[in-house]
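A quick write-up on the structure given underneath.
The numbers here are math on the coordinates, done by the rules we state, and not lab data. Just so we're clear, the structure is a prediction, and the values are computed from it rather than from any experiment. Here the Cβ positions follow ideal geometry from the backbone for every residue, glycine too, while neighbour counts run over all protein chains shown.
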Amino acid sequence: MDGVNVFFFMWAASLIFFMKAGFIALEIGQFRAKNVSYHCVLKLLDLAAVFIAYLFIGYGISYGLENILPLITGTFNADLGAWWMKMVMFAAAAVTIITGGVAERIKILPYFIGALIVGGILYPIVEHLVWGGGFASLMGINFHDFAGSGAVHLFGGLVGLMAAYVLGPRIDKYINGKPQAIPGHNIPIAVLGAFILAFGWYGFNVGSATDLSSGVELASVALATTMALAGGIIGGALSSRNDPLYTANGMCAGLVAVCSGADIFTPIGALIVGLIAGLQQPFTYKFIEEKLKIDDVCAIGPVHAMSGLIGVICAGIPFLLRSDAVSKVSLTGQIIGAIVIALIAIVGGLIIYKGLDLTIGLRVDKEAEKVGLDSAILQTTAYSEE
């Protein structure tokens with residue numbers, strides 16, 4: 001790998017890393033001010049957990065155990081070092097989705113341990129299947145997931161929902177079995193977070209190319225990403241009657257959905273995919289909240305899990321794709337791949353978080369939750385004027 005391609009991967013890794021700031025802002029704006037500082041600690045710790053677990057275990061599961069020693073000792077070549085830097089950011093993105101489902105009620109220690117296990121073992125299993133050749137070699141299926149609608153978002157969203165299910169809903173979320181609205185404290189910061197995520201998404205998608213050899217591919221991915229972003233905004237605005245959070249999350253939903261086929265969607269196809277992802281949000285959220293009784297604080301179900309599923313399936317639908325790409329994908333393969341990823345996320349997520357709950361306990365005590373985790377646990381507040 002030459003220096004230009006190494007720089008390209010470092011550029012992509014840097015933008016994906018900056019998405020963390022977008023995740024934090026988008027999420028904290030959607031819940032109460034009394035838990036903001038605590039949530040920031042969770043976000044910082046899951047980043048450290050993934051970096052450590054992915055270095056010592058995760059990357060080896062994904063791409064071969066022979067890579068672990070060179071990474072630990074620093075004797076790797078440019079190819080290995082640059083690829084690790086990019087892929088660890090994908091792992092960090094998958095794991096940090098979980099916090100959006102468990103906000104305002106999870107203990108720090110079990111959350112950190114969960115991030116270590118998901119980032120070091122569970123996510124790398126999926127990554128091996130999707131990008132390490134596992135689907136083709138183990139199951140003989142043709143599965144296309146260019147930038148992670150399935151590997152990152154479907155997976156992370158479902159693991160987060162399982163963690164939220166094990167935790168149970170926040171106090172006063174359900175009264176007589178009916179869900180109650182618990183408004184976020186800062187809509188502008190949530191919308192700003194969505195814009196930061198969208199900025200970083202160009203590194204996420206364009207950076208998923210293997211090198212800089214094809215400028216046409218890079219431009220095509222960027223164009224598809226942009227059109228899906230637009231479709232997601234429109235879809236979110238239409239289905240929510242211009243609710244600012246659904247519209248902002250719609251932009252993210254469109255970006256999630258385009259990931260799988262960003263290299264093969266036509267611009268109009270990407271627009272349609274983004275529109276569908278934006279439109280489904282209120283309906284998916286209502287189903288999760290009312291039927292499944294899962295308190296999905298930051299809507300990771302519709303934004304990541306369902307939009308990821310939509311993206312994976314749409315990457316196998318011919319009329320959404322460029323004519324030269326139709327023969328390269330299989331709708332059957334996309335469906336099978338999505339099912340396998342979903343099963344790993346659901347079963348693995350339940351085992352990990354139920355195990356943590358039974359051993360050290362997942363949830364903060366009721367009094368701390370009522371008072372607010374910032375003051376009750378951290379003895380601080382996010383905003384000094386309070």
**OP:** Output the relative contact order of segment 22-101, whole-number percent, from Cα pairs under 8 angstrom with separation of 6+ residues.
**Re:** 39
Subject >> Sites MET10 and LEU331, calculated FRET efficiency, Cβ-Cβ separation with R0 51 Å, nearest 0.05 >> reply: 0.90
Original post:
Does anyone have the angle between helix 267-286 and the longest principal axis of the chain? Alpha-carbon axes, 0 to 90°, nearest 10?
Top reply: 20
Original post:
Which whole-number percent gives the relative contact order of segment 3-378, counting Cα pairs below 8 Å spaced six or more residues apart?
Top reply: 25
Subject >> Summed residue charge, Cβ within 14 Å of VAL95's Cβ, Lys/Arg positive, Asp/Glu negative >> reply: -1
Subject >> PHE283 paired with LEU138, simple spin-label distance in nm, labels 7 Å along Cα-to-beta-carbon >> reply: 3.3
**OP:** Give the distance, in whole Å, between the Cα centre of segment 241-310 and the Cα centre of segment 117-175.
**Re:** 16
Original post:
Taking the Cα-to-Cβ direction at THR359 and at ASN176 and moving 7 Å from each Cα, how far apart do the two end points lie in nm?
Top reply: 4.2
**OP:** Between the alpha-carbon centers of segment 1-31 and segment 57-80, tell me the distance in whole angstrom.
**Re:** 21
Subject >> Label-point gap, in nm, between ASP324 and ILE268 - each point 7 angstrom along Cα→Cβ >> reply: 1.9
Original post:
Helix 36-53 versus the longest principal axis of the chain: what angle, 0 to 90°, nearest 10, using Cα atoms?
Top reply: 40
Original post:
Cβ under 15 Å from ASP79's Cβ, ASP79 left aside: what net charge do those residues give with Lys, Arg +1 and Asp, Glu -1?
Top reply: -2
Subject >> Structure-based [θ]222 nm, the chain - -39500 (n - 2.57) summed over DSSP H runs of at least 4, per residue, nearest 500 >> reply: -19500 deg cm²/dmol
Subject >> On Cα atoms only, tilt of 155-167 relative to the major axis of the chain in degrees >> reply: 20
Subject >> Proximal charge balance of ASP2 [Cβ under 14 Å; K/R count +1, D/E count -1] >> reply: -2
Original post:
Which of these, LEU71, LEU255, LEU122, has the largest mean-square fluctuation under a Gaussian network model of the chain (Cα springs below 10 Å)?
Top reply: LEU71
Original post:
Quick one: Kirkwood hydrodynamic radius for the chain, alpha-carbon pairs, angstrom, one decimal?
Top reply: 20.6
**OP:** Using only C-alpha positions, report the orientation-averaged shadow area of the convex hull of segment 306-386, nm², one decimal.
**Re:** 9.8
**OP:** Would you mind putting 202-215, 241-254 in packing order, based on average other-beta-carbon counts within 10 Å, highest first?
**Re:** 241-254, 202-215
